[in-house]
Amino acid sequence: MNTRRYLLPILLAITVGILHAQQPPASSASRTNSAIEKPLPDVASLFHDVEAHQKELENVRKNYMFRAVEQQDELDGDGHVKHSKTEEHEVFFVGRRTVGRLLRKDGVDLTASEQKKEQEKVDKRIQKVKKKEAKRQQNEDEGKHDENEITVDTFLRISRFENPRRVSLKDRSAIAYDFSENPDAKTHGMAESAVKKVSGTVWIDEDSRQLIRMEAKLDEPFKMGGGLLASVQKGSSFVFEQAFVNGEIWLPTYAEANITGRMLLFKGIREHSIARFSDYRKFRVGSKIDVVGEVAPQ
């Protein structure tokens, strides 16, 4: 079991799950002129604005797949690499969730028998994710809230946002906010408890209302199952970036995690991982996945 696979999705839910919009970007000239004139938006209005476009994003995102290459380094107490491994996955979306198919490990393609087993695993994952997405949609239609899903209102309630500023990031006009714990906020469930222990900075593209970059770190230790399953130490950190792809959608380009913790009370974890995303392609789902076009981030 990999601690990062449990905690990182919770942290990314802060931004990836809620900071989505589908508006065409303005030209660089119009961005520069309008950025000088416009006042900074209110954080609550900005976040609710991007949340309103979530459905539009899902409708476009389901037509894309991309490649994820992740290097995971296991470190010793001095921070030196003890063991390193690399995995390459093909990733696509099912609803709001991602499903990955392993292509190669440490640069070596899977054998025919390994490919067959992996495809069987992927088929099972797809069915499992579809059930979870159907349940989520049902709860949403009934006005119920999953305690492990972070909404805009939850994020605004749990965190404090300070130091709003307009900056240039990757040649785009972005609005940055620093966020940290709201000590007066009450939390319910593991996800909210995790978010309250996190501080960092988000950069949001001003024109498209999309996340460009997020940096976050744990300010307090975080325990799962009261520490029996896992615990993550203070100082563990995460980075996530996105880019505008094919003139219509934002998709991940980079993720980094530094995790120090313990599993099942015994196994210590000290891990550094970097994932790079590329090879964005459109596809359609029938009896098989057909790639219909390859695109590059802008």
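Can you tell me how much longer the chain between Lys234 and Asp184 gets when fully stretched, taken as 0.36 nm per residue apart minus their C-alpha distance, in nm with one decimal?
Values: separation 50, 0.36 × 50 = 18.00 nm, distance 2.06 nm.
That works out to 15.9 nm of additional length.
Multiplying the sequence separation of Ser84 and Asp123 by 0.36 nm and subtracting their Cα-Cα distance, what value in nm do you get? Don't skip to the end; give the middle numbers.
Details: separation 39, 0.36 × 39 = 14.04 nm, distance 2.84 nm.
Fully extending the segment from Ser84 to Asp123 adds 11.2 nm.
Taking the highest mean first, how do the peptides 108-119, 167-178 order by number of other beta carbon atoms within 10 angstrom per residue?
167-178, 108-119
May I ask you to list the aspartates and glutamates whose Cα is less than 14 Å away from that of Lys196, ignoring any residue fewer than eight positions away on the same chain?
Cross-link targets: Glu147, Glu149, Asp153, Asp178, Glu181, Asp184, Asp219, Glu220.
Defining a contact as two alpha carbons under 8 Å apart and six or more residues distant in sequence, what relative contact order in percent does the stretch 153-198 show?
On the way: 58 pairs, mean separation 18.4, N = 46.
After rounding, I find 40 percent.
Give the aspartates and glutamates reachable from Lys282 as a straight Cα distance under 15 Å; neighbours fewer than 8 places away on the same chain don't count.
Glu58, Glu90, Glu248, Asp290, Glu294
Quick check on packing: order 230-241, 179-190 by the mean number of other C-beta atoms within 10 Å, highest mean leading.
Details: 230-241: 19.1, 179-190: 14.0.
So the order, starting with the most tightly packed, is 230-241, 179-190.
Under 11 Å from a point placed 7 Å out from the Cα of Arg104 along the Cα-to-Cβ direction: which residues of the stretch 72-88 have their backbone N that close?
So the set is 87-88.
Bear in mind these aren't lab numbers, they're just calculated from the coordinates by the rules spelled out. Everything numeric here is computed off the predicted structure, so don't read it as measured data. Backbone-built Cβ (ideal geometry, glycine too); neighbour counts: all protein chains shown.
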